[in-house]
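Heads up: the structure comes next, in structure tokens.
No value in this document is a laboratory result; all are computed from the given coordinates. For clarity, every value in this text was computed on a predicted model and none was experimentally measured. Glycine also receives a Cβ, built like all others from the backbone with ideal geometry; neighbour counts cover every protein chain displayed.
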């Protein structure tokens, strides 16, 4: 089994690198970016082979997808919550949009990714936790977050977990805030049944074929009054940070 997984890893790395040729720049900065990107690719491939359902992708999202999913977010959005940040591709795009790093809270379940994010974005709040547990921690005051950006593989998750993730996220979102989710599928990764149950609606804001695989982004917002109740006495003071 160990040798089979190694063979899969090598085959996938070759396929992805064929569509991500090395950068042809001579500057030291560009060389370091290339090395960094290669390392990220290897991290993703190892994580995907180890747990494909949880990781959900064989490579980090591309720049075009990162630009699309953050296209409606700016420095005026206020605090931003990012779920499943991986190596930080969307995080970089958020910073490029003007979001203050100190206004970023990043949720990542993979311990290696969480430590990497904590190193790369020292001013952000990086929390090592499962996004389905959002409602169990008092991460923000209610209705404080301006936007949620999700890199989670919702299509591979059971409905109950998707409901928990959306419920927790919208508990913190402002009334006019939005939850941005990408998908490789032909339709919204959140079913109409779940959207109706939670009083939400989804609109596709764009699609990019320059990503591997091609992907679309949906904006999920409240359809009507959306309130969540919780007992503050049951909430731990803070979520765990990567060690």
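If the Kirkwood radius is taken over C-alpha pairs of region 106-233, then at 37 °C and 0.692 mPa s the Stokes-Einstein diffusion coefficient equals 211 µm²/s.
For region 86-128 versus region 182-219, the inter-centroid distance based on Cα atoms is 23 Å. At q = 0.16, 0.19, 0.26, 0.30 Å⁻¹, what base-10 log of I(q)/I(0) does the Debye formula yield for region 75-130 when every alpha carbon is treated as an equal point scatterer in vacuo? Cα-only, vacuum Debye calculation for region 75-130: -0.38, -0.54, -0.99, -1.28.
If I take R0 = 45 Å and measure r between the Cβ atoms of residue 119 and residue 203 in this structure, what FRET efficiency does the formula 1/(1 + (r/R0)^6) give, to the nearest 0.05? E between residue 119 and residue 203, to the nearest 0.05, is 0.80. Can you work out the PRE-style zone for residue 75? Point 7 Å along Cα to Cβ, and I want the residues of region 112-152 with backbone N under 20 Å. Only 121-125, 145-148 fall inside the zone, counting backbone N under 20 Å.
Could you list the square roots of 5 times each eigenvalue of the Cα gyration tensor of region 153-199, that is, the equivalent ellipsoid semi-axes, sorted largest first and rounded to whole Å?
Over the Cα atoms of region 153-199, the ellipsoid semi-axes are 18, 12, 10 Å.
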